[in-house]
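Read the structure below first, then the notes.
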Amino acid sequence: MALLAMLCPLFVGCFKDEEHIDVDPAMLVGTWQQENGSRGQWTFHSGGTGNKVVTSDFDPDDENNGDFTWTLDRDELELTFRGTSGLFEIPHEYVIKEISSSSMKWKDEADRTMTFTKR
């Protein structure tokens with residue numbers, strides 16, 4: 001048992017942390033068209049506010065539609081929606097995997113990849 005306790009740190013130290021990228025918040029500012037999933041249009045304003053509009057009529061009352069606030073820490077993006085009633089907040093976390101002046105990919109909490117084109 002003592003041998004196992006001594007070897008555990010060696011194995012744990014071998015796993016590489018997921019690489020993070022440093023995303024400049026200014027790169028997010030603008031309107032992004034989602035290319036898969038709900039085909040929403042996401043607009044990020046400087047100062048940490050934004051708006052999401054779903055372009056399909058599938059669920060126009062989606063509580064994750066409308067105004068949001070956003071924060072960015074390296075590549076970790078958190079959006080907080082107010083909900084249609086405005087009585088509660090709905091946070092969502094994303095990890096930006098790639099971003100350029102014209103395209104972006106991020107993963108959501110369920111590990112789904114979403115792709116965007118800047119308009």
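The values are calculated or read from the model by the stated rules, or taken from the named source; none is laboratory data. Please read all numbers here as calculations on a predicted model, not as lab measurements. So basically every Cβ, Gly included, is an ideal-geometry build from the backbone, and we count neighbours across all protein chains shown. Just the protein is used for accessible areas: all its heavy atoms, side chains included, with ligands, DNA and RNA removed. Shrake-Rupley method; radii C 1.70, N 1.55, O 1.52, S 1.80 Å.
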Tell me, please, whether a residue that is modelled with pLDDT of 95 or more and in a strand (DSSP E or B) can be found in segment 21-31.
yes
When segment 24-53 is checked residue by residue, the ones that are in contact with a Leu (Cβ under 6 Å, 6 or more places away or on another chain) and open to solvent by less than 40 Å² (accessible area, probe 1.4 Å) are PHE44
